[in-house]
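Okay, structure first, notes after.
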Amino acid sequence: MIRVGVVGYGTIGKRVANAITKQPDMVLVGVVKRSPDYSAKIGISRGIRFFIPHEELVDAWNRAGARYYGTLDDLLQECDVIVDATPKGIGMKNRVIYESKGIKAIFQGGEHPNVGEVSFVAQVNYESALGKQFLRVVSCNTTGLARVLHAINQQYPIEKAIVFLVRRAIDPNQDTNGIIDCVAPSFGVSHHAEDLKTVLKDINIVTFAVRIPVTHFHVHMISIKLKETVDRREIIDLLEESRRIVVLSSRDGLGSTAKLLDLSRELGRPRFDIYENLVWLDSIYAEGKWLHLMQAIHQEAIVIPENIDAIRAVSGFTDALTSMNLTDSSLSIVSTRFY
Ligand code: NAD
């Protein structure tokens, strides 16, 4: 069993922790959390062992009557791998601690790419992550783009991709830093293209982004010039066969992100998570060498399977396919359809 600890129990950390408990080859040793709030108390009631980042938080946890098992240092002594899901910039600082203890760590997409030896998306570069000490699972947008562009590029080589990202402003549990009643562009090209190139090294891509005042889903509008002409049906077949990508039809009533949110509730997974890229069938349009499509990405969930595969990769589990199969079956991830 791979002994795993999670540092940072927010949007990503709590989902990764939950996913670890479902793996046949992993044990969740504990999680590090700062505040003894409702989600700590629910986690404690579910048997998760909580640790605090440092001794100064002892009083706050004692006052809240929330049980904890020690500090980050104590957790590290029991772990083979840490998944660090702290906010942007803190992972890079924590890296020094993991390095000094010789512990492997997986960081998240908010960190600078230099935090890891490899930027990771399981389907693209599992093998290059084998046995590494530090990995970075790329962001939700980059993961979503990497999956779909890699699948297409392998079979129909891409000459150039142009992507417009419509980004949710904040996550649903956040009550600060949102935007209201406006569209906020990232001027010039957005950072997503450069981030994608840390995974798909040779891709020729440019990305543009706006943020809009919603909390659920990013939407990507993707235009691709291929090296050869392509038939729409071939692309549909390819995407329907591709792992962690689901092609959905607006004819089933799924013509907006509001309906995708409702779909997630109907599916009834933990926290209503959708781990798959959701490509709208009706958006797939091919003309000569040009291919256009739109997809939605559940930003809170899409990187969870990647974190689980990353844990196996750094632990030296060599068989990428078996890792992804284990991850997908444990989280009920589909590759063709939900229903
Ligand atoms: P979050 O704010 O929801 O959670 C981070 C948690 O870490 C918070 O609970 C915070 O209190 C805690 N924390 C802060 N300092 C800590 C410390 N020193 N020790 C332990 N815990 C500490 O953030 P998030 O959205 O889960 O993002 C985490 C990382 O994942 C970021 O790099 C982010 O860019 C990336 N990411 C986020 C999303 C998303 O949509 N939210 C998607 C993909 C990747």
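The values are calculated or read from the model by the stated rules, or taken from the named source; none is laboratory data. Keep in mind it's a predicted model, so treat the numbers as computed, not measured. All Cβ positions, even for glycine, are placed from backbone atoms using ideal geometry, and neighbour counts span all protein chains on display. Heads up: the accessible areas ignore ligands, DNA and RNA and are worked out on the full protein's heavy atoms, side chains in. Shrake-Rupley method; radii C 1.70, N 1.55, O 1.52, S 1.80 Å.
For the pair Arg3 and Ile212 in one chain, pulling the backbone fully straight at 0.36 nm per residue adds 71.3 nm over the alpha carbon distance.
Taking each residue as 0.36 nm, the span from Phe187 to Met92 lengthens on full extension beyond its C-alpha to C-alpha distance by 31.5 nm. Per-residue 3J(HN,Hα) values for the stretch 173-181, derived from phi via the Karplus relation 6.51 cos²θ - 1.76 cosθ + 1.60 with θ = phi - 60°, read 8, 8, 10, 9, 6, x, 10, 10, 6 Hz in sequence order (x marks Gly and Pro).
Taking amide hydrogens as placed 1.01 Å from N in the peptide plane, the amide H of Lys104 sits under 5 Å from those of Ile82, each at least 5 positions away in sequence or on another chain.
When Ile20, Ile162 are compared by accessible area at a 1.4 angstrom probe, the order from most to least is Ile162, Ile20. Remark: the stretch 110-121, residue by residue, has Karplus-estimated 3J(HN,Hα) of x, 7, 4, x, 5, 5, x, 6, 9, 8, 10, 9 Hz, where x stands for each Gly or Pro and the curve is 6.51 cos²θ - 1.76 cosθ + 1.60 at θ = phi - 60°. Taking a sphere under 9 Å around the Cβ of Phe50 and counting the other residues whose Cβ falls inside, with K and R at +1 and D and E at -1, yields a net charge of +3. Using only alpha carbon pairs under 8 Å that are at least six residues apart, calculate the relative contact order of the chain and give it in whole percent. RCO, the chain: 18 percent.
Thr71 sits among other residues whose Cβ lies under 15 Å from its own Cβ, and their net charge, with Lys and Arg +1 and Asp and Glu -1, is -1.
Once backbone amide H atoms are built at 1.01 Å from N, Val6 has Gly30, Val31, Val32, Val83 as its partners under 5 Å, excluding neighbours fewer than 5 places away on the same chain.
Listed cross-link partners Lys33/Lys101; Lys88/Lys259; Lys93/Lys201; Lys197/Lys227; Lys22/Lys93 are compared with a 24 Å cut-off, the Cα-Cα value being larger for Lys88/Lys259; Lys93/Lys201; Lys22/Lys93.
For the stretch 324-339, putting each phi into the Karplus relation 6.51 cos²θ - 1.76 cosθ + 1.60 with θ = phi - 60° gives couplings of 5, 5, 4, 4, 5, 6, 5, 9, 6, 7, 10, 10, 10, 8, 7, 8 Hz, in residue order, rounded to whole numbers and with x for Gly and Pro. If you take all other residues with their beta carbon under 14 Å from the beta carbon of Ile203, and give Lys and Arg +1 and Asp and Glu -1, the sum is +2. With the whole protein complex present, Met1 retains an accessible surface near 150 Å², based on a 1.4 Å probe.
Taking the highest mean first, how do the peptides 59-65, 116-122, 9-15, 208-214 order by number of other beta carbon atoms within 10 angstrom per residue? Show your work: numbers first, answer last.
Numbers: 59-65: 12.1, 116-122: 24.6, 9-15: 22.0, 208-214: 16.7.
Top of the packing list down: 116-122, 9-15, 208-214, 59-65.
Report P(r) for the stretch 110-267: all Cα-Cα distances, bin width 10 Å, range 0 to the bin holding the largest distance, values in whole percent. Per 10 Å bin, starting at 0, the Cα pair percentages come out as 9, 32, 38, 19, 2. State the percent of C-alpha pairs, over all pairs in the stretch 78-117, separated by a distance greater than 13 angstrom. For the stretch 78-117, the fraction of Cα-Cα distances above 13 Å is 44 percent. Pairs of C-alpha atoms in the chain farther apart than 39 Å represent 13 percent of all such pairs.
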